[in-house]
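Student: Could you have a look at this structure, given as structure tokens, before my questions?
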């Protein structure tokens, strides 16, 4: 008898990760060399970041890269909500970190539950998004209709985000993150001005932050631009997280529908 799992991992996290592969993101296993050999103080994927940096800046030397990497580590400790790093990736340092003119020249990866740790303090975003090896975004998911202490998952995530922003131990991780997304895979419910369920995003803040809704102005164009989700990709991810039995479950297949939630 197959055990059915209905939790945030199976109902939201895995479908969200697989949906990102439709958008062109490559999946990285937690056991991959890129994840294991990352810089743990920033979660930068060193091998990918170095390769892309030296490709974009072909006049730069290995020593230049090492100096730039050290500069990044230092400025991520600044109490500026990541403004210095934001300016750096927009070429203010004189080097190119992201090819803004030809996005296909960049690399896009995702990984599940990459630990952000400083001493004994840590948190693990559900999905981390890397561009050219830089962890520029992460996604937190919640099980639909899960109420704890009278609060929806989205409400509780807003409070957790506030605590992370206030924790100086997490400053490097907060400052390198350009966008944070939250979703419970449900339609929006903004009853009485309260953001109870749906998909939202925010940016780094000194304390509390404003959640904003995702509103696609050209939804049809977005849908048509999605790549097909291959059976090979589903097999790869489910095998990696030891959940292959999910593949045959109707609810899991439903949650993979790019039109969900309606």
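Student: Which of the following residues is under 20 Å from the mean Cα position of the chain (by Cα) and modelled with pLDDT under 90: 228, 199?
Tutor: Only one candidate passes the filter, namely 199.
Student: Restricting to the range 73-87, name every residue that is closer than 21 Å to residue 47 by Cβ and in contact with a helix residue (DSSP H, G or I) (Cβ under 7 Å, 6 or more places away or on another chain).
Tutor: Selection gives 76, 85.
Student: What about residue 16, is it at pLDDT below 95, touching a strand residue (DSSP E or B) at 6+ places or on another chain (Cβ under 9 Å) and within 30 Å of residue 206 (Cβ to Cβ)?
Tutor: Answer is yes for this residue.
Student: What number of residues within the range 107-123 satisfy the criterion of being closer than 16 Å to residue 28 by Cβ and either free of Cβ contacts under 8 Å to residues at least 40 places away in the same chain or outside any strand (DSSP E or B) (or both)?
Tutor: Count: 4.
Student: Within the range 124-144, restricting attention to residues that are part of a loop (DSSP other than H, G, I, E, B) and in contact with a strand residue (DSSP E or B) (Cβ under 8 Å, 6 or more places away or on another chain), which residue is farthest from residue 163 (Cα to Cα)?
Tutor: Only one residue fits best here, namely 133.
Student: In addition: Suppose we keep only residues that are part of a loop (DSSP other than H, G, I, E, B) and out of contact with any strand residue (DSSP E or B) (no Cβ under 8 Å at 6 or more places or on another chain) within the range 94-106. Which one would you say is surrounded by the most Cβ atoms within 10 Å (Cβ to Cβ)?
Tutor: Only one residue fits best here, namely 96.
Student: Counting only residues that are over 16 Å from residue 22 (Cα atoms) and surrounded by 13 or more Cβ atoms within 10 Å (Cβ to Cβ), how many does the range 252-262 have?
Tutor: 2
Student: When the residues of the range 168-192 are filtered to those that are at pLDDT below 95 and more than 17 Å from residue 210 (Cα to Cα), which remaining residue is surrounded by the most Cβ atoms within 10 Å (Cβ to Cβ)?
Tutor: Checked the range 168-192; the qualifying residue surrounded by the most Cβ atoms within 10 Å (Cβ to Cβ) is 184.
Student: Failed condition for residue 69, given (1) without any contact (Cβ under 8 Å) to a residue 40 or more places away in the chain; (2) over 12 Å from residue 49 (Cα atoms); (3) in contact with a helix residue (DSSP H, G or I) (Cβ under 9 Å, 6 or more places away or on another chain), with all others met?
Tutor: Checking residue 69 against (1) without any contact (Cβ under 8 Å) to a residue 40 or more places away in the chain; (2) over 12 Å from residue 49 (Cα atoms); (3) in contact with a helix residue (DSSP H, G or I) (Cβ under 9 Å, 6 or more places away or on another chain), the one that fails is (2).
Student: Within the range 33-65, work out how many residues are buried (at least 16 other Cβ atoms within 10 Å of the Cβ) and in a helix (DSSP H, G or I).
Tutor: 9
Student: Further question: Among the listed residues 30, 91, identify the single one that is under 30 Å from residue 245 (Cα atoms) and either at pLDDT below 95 or outside any helix (DSSP H, G or I) (or both).
Tutor: The match here is 30.
The values are calculated or read from the model by the stated rules, or taken from the named source; none is laboratory data. A quick note: this is a predicted structure, and the numbers were derived from the prediction, not measured. Every residue, glycine as well, gets a Cβ built from its backbone with ideal geometry; the counts of neighbours run over all protein chains shown.
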